[in-house]
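Visitor: Got a structure for you, written out below as structure tokens; questions coming shortly.
The values are calculated or read from the model by the stated rules, or taken from the named source; none is laboratory data. Just so it is clear, the structure is predicted and the values come from calculations on it, not from any experiment. So basically every Cβ, Gly included, is an ideal-geometry build from the backbone, and we count neighbours across all protein chains shown.
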Amino acid sequence: MFCYQCEQTAGGTGCTRFGVCGKSPEVAALQDLLLYAVKGLSYVVVEGRRHGVVDTSFNRFTAEATFSTLTNVNFDKERFPPLIKKAVEYREALKKKIKEAGGPEGYDNRAAGFVPAGTIDEMVKQGAEVGVLSDPDRDPDVHSLQQTLIYGLKGVAAYADHAAILGQEDQKVYDFIYDGFVASMKPNATVDEMVGVVLKCGEINLRAMELLDAANTGHYGHPVPTSVPLGAKKGKAIVVSGHDLHDLELLLKQTEGKGINVYTHGEMLPTHGYPELKKYSHFYGHYGTAWQNQVREFKEFPGAILMTTNCIQKPAESYQDNIFTTGLVGYDGVQHIRDKDFTPVIEKALEMPGFSKDTDKGSVMVGFGHNAVMNVAGAVIDAVKDGKIRHFFIV
Ligand code: SF4
């Protein structure tokens, strides 16, 4: 395997035997193969546009499949073959439509013609042939920019997927995902050309973030300054990690009146500032610290754990039975909630002891979104002018 897509990468250069994140060589190969299938689909999508054929029905799929290959999202190898096959199914159906519209019979691109093998083991072998280092002759600067682009596209896909879950989409974002994947395969691209595409990816990512902001604030209100307890409240407990606000909302609804307090972990912390989430009285506080400390902290957690989006690390044996995944998240041997019926999580929390007493570990403030900040902009500017504020810290 070779993967250098994140800051955890081994020795700062690349994971070659096993991912520092816990990604096995098999999962790495299947993720590479899924990306290859998405690239092939993208190639056909872009060709389709030239013939006036546009099919938006698999946009969500493309975003989800791309997001699935991000760091700490899905480590369950069983979940990849269906996605790989689906990408090829969409691609072939689209080719048929393009042909009917007067388009080409064949495509001068290997990814656009790739046929998935019949078993996982064979797919792993196919994936090993299409990874990051599969084309050693490529100009290293161009190659580096193309990989940077791919990682940017994964980020765009993640935001686009979260926004789409809450009903916010923009075809421009999906169009760029397809264009970007095609650019990432271009054999004779120049450095200048690729710098341009990478910068465009940043621009599109801002649009995706805008969509996500509209989705989150539209559904849950603008965050307001809120004090979040860092201790515990006596009683049964569930901790939620990741950053899928919709999953958190569904869990809060399903746990209402059940005597369970809901805590956040890691990147879920800011959710306490949203009015439509903080209104739940059993949405209590924040447990632990950052996502990468989860193994140590989850071992001590006396309730059920729900992982959303991209934070999961290899669970310790001591909490393997208490942890659940949902959405695109997956880990071999961890129970996955497919249909957003969180009953198994709730039952597990009720079985477990919960916190035996109240503990006070202080609190932290959240809720300083752009709305809250701009509402006090005048006062802040005056305070700067008066010398009462001398430093700004960005977190
Ligand atoms: S995603 Fe995992 S395997 Fe890839 S560089 Fe990061 S830690 Fe290594």
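Visitor: Do the conditions hold for Arg49, that is, is it more than 16 Å from the ligand (Cβ to nearest atom) and either over 18 Å from the mean Cα position of the chain (by Cα) or without any contact (Cβ under 8 Å) to a residue 12 or more places away in the chain (or both)? Break it down into steps so the answer makes sense when it comes.
Guide: On the way: more than 16 Å from the ligand (Cβ to nearest atom): yes; either over 18 Å from the mean Cα position of the chain (by Cα) or without any contact (Cβ under 8 Å) to a residue 12 or more places away in the chain (or both): yes.
Taking the combined requirement at face value, the residue satisfies it.
Visitor: Inspect segment 212-235 for any residue being under 21 Å from the mean Cα position of the chain (by Cα), of a type in the set (D, E, K, R) and not assigned by TED's automatic domain parsing to the domain that holds Asp341 and give the result as yes or no.
Guide: Here is the first cut: in segment 212-235, the residues under 21 Å from the mean Cα position of the chain (by Cα) are 212-220.
Now narrow it down to the ones that are of a type in the set (D, E, K, R): 213.
Those still in the list that are not assigned by TED's automatic domain parsing to the domain that holds Asp341 too: 213.
For segment 212-235, residues under 21 Å from the mean Cα position of the chain (by Cα), of a type in the set (D, E, K, R) and not assigned by TED's automatic domain parsing to the domain that holds Asp341: present.
Visitor: I need every pair where a residue in segment 71-88 that is outside the structural domain of Glu26 (by TED's automatic domain parsing) and in contact (Cβ under 8 Å) with a residue 40 or more places away in the chain has its Cβ under 6 Å from the Cβ of a residue that is away from the ligand (no atom under 16 Å from the Cβ) and of a type outside the set (S, T, N, Q), sequence separation at least 6 or different chains.
Guide: Filtered contacts from segment 71-88: no entries.
Visitor: With the requirement that a residue be near the ligand (Cβ under 6 Å from one of its atoms) and within 19 Å of Gln146 (Cβ to Cβ), what does segment 1-14 give you?
Guide: Of everything in segment 1-14, those that are near the ligand (Cβ under 6 Å from one of its atoms) and within 19 Å of Gln146 (Cβ to Cβ) turn out to be Cys3, Tyr4, Gln5, Cys6, Thr9.
Visitor: Taking segment 10-28 on its own, how many of its residues are more than 13 Å from Gln313 (Cα to Cα) and under 18 Å from the mean Cα position of the chain (by Cα)?
Guide: Filtering segment 10-28 down to residues more than 13 Å from Gln313 (Cα to Cα) leaves 10-18, 25-28.
Add one more test, that the residue is under 18 Å from the mean Cα position of the chain (by Cα), and what stays is 27-28.
Count: 2.
Visitor: Something else now. For Arg138, all conditions in the list (1) surrounded by 13 or more Cβ atoms within 10 Å (Cβ to Cβ); (2) at pLDDT 95 or above; (3) of a type in the set (D, E, K, R) hold save one; what is the number of the exception?
Guide: In the conditions (1) surrounded by 13 or more Cβ atoms within 10 Å (Cβ to Cβ); (2) at pLDDT 95 or above; (3) of a type in the set (D, E, K, R), Arg138 misses (2) alone.
Visitor: Quick one: which of Lys340, Lys314, Lys361 is charged (D, E, K, R) and under 22 Å from Tyr159 (Cα atoms)? Don't jump to the end; show me each part of the working.
Guide: Working: Lys314 fails: under 22 Å from Tyr159 (Cα atoms); Lys361 fails: under 22 Å from Tyr159 (Cα atoms).
Within the list Lys340, Lys314, Lys361, the selection yields Lys340.
Visitor: Regarding Phe75, is this residue among the aromatic types (Phe, Trp, Tyr) and either modelled with pLDDT of 95 or more or more than 16 Å from the ligand (Cβ to nearest atom) (or both)? Before the answer, list the steps.
Guide: Details: among the aromatic types (Phe, Trp, Tyr): yes; either modelled with pLDDT of 95 or more or more than 16 Å from the ligand (Cβ to nearest atom) (or both): no.
Spelling it out, it is not the case that Phe75 is among the aromatic types (Phe, Trp, Tyr) and either modelled with pLDDT of 95 or more or more than 16 Å from the ligand (Cβ to nearest atom) (or both).
Visitor: Being closer than 30 Å to Ile305 by Cα, under 25 Å from the mean Cα position of the chain (by Cα) and in the same structural domain as Glu351 (by TED's automatic domain parsing) narrows it down to one of Val156, Val240, so name that one. Explain how you work it out, then say what you get.
Guide: Working: Val156 fails: in the same structural domain as Glu351 (by TED's automatic domain parsing).
Criteria check complete, one pass: Val240.
Visitor: Among the residues in segment 146-155, are any out of contact with any Phe, Trp or Tyr (no Cβ under 9 Å at 6 or more places or on another chain), under 19 Å from Phe2 (Cβ atoms) and not in a helix (DSSP H, G or I)?
Guide: Within segment 146-155, none of the residues are out of contact with any Phe, Trp or Tyr (no Cβ under 9 Å at 6 or more places or on another chain), under 19 Å from Phe2 (Cβ atoms) and not in a helix (DSSP H, G or I).
Visitor: Let me ask you something else. Kindly provide the set of residues from segment 345-368 that are surrounded by 14 or more Cβ atoms within 10 Å (Cβ to Cβ), out of contact with any Lys or Arg (no Cβ under 9 Å at 6 or more places or on another chain) and assigned to a helix (DSSP H, G or I), ordered by number. Step through it out loud before you land on a result.
Guide: If we filter segment 345-368 for residues that are surrounded by 14 or more Cβ atoms within 10 Å (Cβ to Cβ), which is where we start, we get 345-346, 348-350, 352, 354-355, 363-364, 366-368.
Adding the requirement that they be out of contact with any Lys or Arg (no Cβ under 9 Å at 6 or more places or on another chain) leaves 345, 348, 363-364, 366, 368.
Answer for segment 345-368, where residues must be surrounded by 14 or more Cβ atoms within 10 Å (Cβ to Cβ), out of contact with any Lys or Arg (no Cβ under 9 Å at 6 or more places or on another chain) and assigned to a helix (DSSP H, G or I): Val345, Lys348.
Visitor: Show the residue pairs meeting these rules: Cβ distance below 8 Å; 6+ apart or different chains; first residue within segment 234-259 and closer than 28 Å to Met209 by Cα and free of Cβ contacts under 8 Å to residues at least 40 places away in the same chain; second residue in a loop (DSSP other than H, G, I, E, B) and not hydroxyl-bearing (Ser, Thr, Tyr).
Guide: Pairs found: Leu252/His282.
Visitor: Okay, next question. Of the residues that sit in segment 15-27 and are on the phi < 0 side of the Ramachandran plot and more than 6 Å from the ligand (Cβ to nearest atom), which one is surrounded by the fewest Cβ atoms within 10 Å (Cβ to Cβ)? Quick ask: steps written out before the conclusion?
Guide: Let us first name the residues in segment 15-27 that are on the phi < 0 side of the Ramachandran plot, namely 15-21, 23-27.
Retained after the next criterion (residues that are more than 6 Å from the ligand (Cβ to nearest atom)): 16-18, 24-27.
On the way: Thr16: 16, Arg17: 8, Phe18: 15, Ser24: 17, Pro25: 18, Glu26: 18, Val27: 27.
Taking the candidates together, the pick is Arg17.
Visitor: Those residues that are within 13 Å of Val132 (Cβ to Cβ), within 16 Å of the ligand (Cβ to nearest atom) and not polar (S, T, N, Q), I need them from segment 28-46; list them, please.
Guide: If the condition is that a residue be within 13 Å of Val132 (Cβ to Cβ), within 16 Å of the ligand (Cβ to nearest atom) and not polar (S, T, N, Q), then Ala28, Ala29, Asp32, Leu33, Leu35 are the ones that fit.
Visitor: Could you tell me which residue of segment 371-381 is modelled with the lowest pLDDT, considering only residues that are in contact with a helix residue (DSSP H, G or I) (Cβ under 9 Å, 6 or more places away or on another chain) and either surrounded by fewer than 12 Cβ atoms within 10 Å (Cβ to Cβ) or β-branched (Val, Ile, Thr) (or both)? Step through it out loud before you land on a result.
Guide: Applying the first criterion (in contact with a helix residue (DSSP H, G or I) (Cβ under 9 Å, 6 or more places away or on another chain)) to segment 371-381 yields 371-373, 380.
Those left that are additionally either surrounded by fewer than 12 Cβ atoms within 10 Å (Cβ to Cβ) or β-branched (Val, Ile, Thr) (or both): 373, 380.
On the way: Val373: 89, Val380: 94.
The extreme case among them is Val373.
Visitor: For segment 169-189, name all the residues that are under 18 Å from Ala111 (Cα atoms) and of a type in the set (Val, Ile, Thr).
Guide: If the condition is that a residue be under 18 Å from Ala111 (Cα atoms) and of a type in the set (Val, Ile, Thr), then Ile177, Val182 are the ones that fit.
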